[in-house]
Amino acid sequence: MKIIVNTSNSAELKNCIQNAQDCMMDMGRTIDKLPASAPEKQELAQLCKKTGILLEEARQRCQQLL
């Protein structure tokens, strides 16, 4: 986990989004390790992808607004 150094609102928001994106990458690697026969693997991968897209949209909007 990253330590938040700058306490301004915009820096905190950007850092939170980046930390969440990093967590999603870790989650994706963990999902990839599941056996192909695991019934949850495909659903988890789809949810992870959707969440990653939402976080990227949040990052882009944050850059536009701040």
Amide N of the stretch 48-66 lying under 17 Å from the label point, which is placed 7 angstrom from the Cα of THR30 along Cα→Cβ
48-52
For CYS16, the accessible surface traced by a 1.4 Å probe with all protein chains present amounts, in square angstrom to the nearest 10, to 70
Just reorder ARG29, ARG61 by solvent-accessible area, largest first, 1.4 Å probe, all chains present.
ARG61, ARG29
Under 8 Å for C-alpha pairs, at least 6 residues apart: give me the relative contact order for the chain, rounded to a whole percent.
40
Label-point separation, ALA45 to CYS16 (7 Å along Cα→Cβ), nm
3.1
Here are some values of semi-axes √(5λ) of the Cα gyration tensor in Å: (1) 30, 10, 8; (2) 24, 11, 10; (3) 29, 13, 5. Which one was computed from this structure?
(3)
Using θ = phi - 60° and the Karplus form 6.51 cos²θ - 1.76 cosθ + 1.60, what ³J(HN,Hα) does each residue of the stretch 41-55 get, whole Hz, x for Gly and Pro?
4, 5, 5, 4, 5, 5, 5, 5, 5, 4, 5, x, 5, 4, 5
Rounded to the nearest 500, what is the chain's calculated 222 nm mean residue ellipticity when only DSSP H runs of at least 4 contribute -39500 (n - 2.57) each, over all residues?
-27000 deg cm²/dmol
Hey, what angle do you get for helix 9-33 against the long axis of the chain, alpha-carbon based, 0 to 90 degrees rounded to 10?
10
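The values are calculated or read from the model by the stated rules, or taken from the named source; none is laboratory data. Remember, predicted model here, so these are calculated numbers, not experimental data. No Cβ is skipped: glycine too gets one built from the backbone with ideal geometry, and neighbour counts run over all protein chains shown. The protein model used for the area step is the full one, side chains on, heavy atoms only, and it has no ligands, DNA or RNA in it. Shrake-Rupley method; radii C 1.70, N 1.55, O 1.52, S 1.80 Å.
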